[in-house]
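*Asks:* Sharing a structure with you now.
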Amino acid sequence: MKLLITGGAGFIGSNFVQYWSKKHSEDKIVILDKLTYAGNLENLKKVEKNKNYSFIQGDICNKEDVEKAMTGVDVVIHFAAETHVDRSLYSQGLFAKTNVIGTHVLLEEAIKNKTRFHHISTDEVFGSLPKYSGEKFNEETTYNPKNPYSQSKAQSDYLVKLYHQEHDLPITISNCSNNYGPYQYPEKLIPLAITHAIKGKKIPVYGNGLYFRDWLYVEDHCKAIEVILKKGKIGESYCVGGLEKDVNNIEIVFKILDFLDKDHSHYEHVADRPNHDKRYSVDWSKLKKLGWKPESDLETYLEKTIKWYVDNQKWWEKLLKKK
């Protein structure tokens, strides 16, 4: 096969490229990435000499870039997106452009040759669950996005579904929970907490810190996408989560501090962000029926992630200097 990976120099995209290149070495991979602050060619060093790998620096909102990248492609896996909620609060136009218009440009090109299109989305499109309810998001949950980021992703999901219904484009969608692991830009909670703790800085925690999340290790996510591509039903959505039970942010911070032998005073409460979603929890039983499940637990994967950031300080310190 020939695959187009949009956003392939980003966190999840680059992990997917590394995973797929190792597992399916005969397949050709084309990466289309704009190389914004979150895109990093260093994430792809392990595969850059692969004869089946090619990289195009370009914008998914640019028709010419997309036409060039999609030539002869069998499957598009669409990771490219603006993803950080905090940034969306003051850059709403950018999020709408990249996440909605960019997806539209890709879909328009995909229908020309009925290219299989897998869209990476988020559980945040479903909004927020009551904090102690025990409820979980599933594929039938009504969309109720609460911030500009999740709103833009919800709109892109609807676009993908529309192109399947109106143009018979072969699509699948995955709505994943919070990812973590190697190569994640240090602005999200886990890499932010790890890098702050390593540098001896206090970890900022929004509000009271009792925001509950489902955490998905990035390689498990890559394997879930592989299962959906192989066994998923065209036109369907699949929820991807990593835990049986969601965990609050303070607990995550304490686990990181404990592993790094820091006492629990190394964090501070900071002003909460507006309209902060209280809880995400994902029911991934539909995907489990296809044979997928997380391969290990939070503690194992969190330890693995922390060790990666300890061993790769030059990688993330270089990024922090650019901020």
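Read the figures in this text as sums done on the coordinates, not as results from a lab. Please read these numbers as outputs of a predicted model, since none were measured by experiment. All Cβ positions, even for glycine, are placed from backbone atoms using ideal geometry, and neighbour counts span all protein chains on display.
*Asks:* Among T103, T141, T83, whose mean-square fluctuation peaks in a Gaussian network model of the chain (Cα, cutoff 10 Å)?
*Replies:* T141
*Asks:* A further question on this structure: Can you give the charge dipole size of the chain about its Cα centre, rounded to the nearest 20 debye, using +1 on the beta carbon of Lys and Arg and -1 on the beta carbon of Asp and Glu?
*Replies:* Values: 47 positive and 44 negative charges, 123 e Å.
Dipole magnitude for the chain comes out near 600 debye.
*Asks:* Let me ask something else. Over the chain, with a single point scatterer placed on each C-alpha, what log10 of the ratio I(q)/I(0) does the Debye formula yield at q = 0.10 1/Å?
*Replies:* Values, matching the q order: -0.54.
*Asks:* Exposure proxy check: L32, L192 ranked by fewest other beta carbons within 10 Å?
*Replies:* Going from least to most buried by this count: L192, L32.
*Asks:* Going Cα to Cα from K45, which lysines come in below 22 Å? Please leave out same-chain ones fewer than 8 positions away.
*Replies:* K2, K22, K23, K28, K34, K223, K304, K307, K314, K318, K321, K322
*Asks:* Can you list residues from other chains, or at least 5 along the same chain, whose modelled amide H is less than 5 Å from the amide H of N248?
*Replies:* R213
*Asks:* Give me the percent relative contact order of the chain, please, defined on Cα pairs under 8 angstrom at least 6 residues apart.
*Replies:* This gives 17 percent for the chain.
*Asks:* Could you give me the ³J(HN,Hα) list for the stretch 36-42, computed from phi with Karplus coefficients 6.51, -1.76, 1.60 and θ = phi - 60°, whole Hz, x at Gly and Pro?
*Replies:* Ordered by residue, 3J(HN,Hα) equals 6, 4, 8, x, 8, 5, 4 Hz.
*Asks:* Based on other C-beta atoms within 10 Å, arrange L3, L243 from fewest to most.
*Replies:* L243, L3
*Asks:* Looking at F126, T115, V85, which one has the Cα that reaches farthest to the positive end of the dipole of the stretch 76-134 (charges on Cβ: Lys, Arg +1; Asp, Glu -1)?
*Replies:* T115
*Asks:* To continue, here is another question. For the chain, modelled as a GNM with alpha-carbon contacts under 10 angstrom, which of S25, S156, S88 fluctuates the most?
*Replies:* Top of the fluctuation ranking is S25.
*Asks:* Could you pull out the GluC sites (Glu not before Pro) across the stretch 269-323 that fall in loop regions by DSSP (anything but H, G, I, E, B) with no more than 14 other Cβ atoms inside 10 Å?
*Replies:* Those satisfying the criteria are E295.
*Asks:* Calculate, for S54 and I101, the FRET efficiency according to 1/(1 + (r/R0)^6) with r their C-beta to C-beta distance and R0 22 Å; round to the nearest 0.05.
*Replies:* It comes to 0.35.
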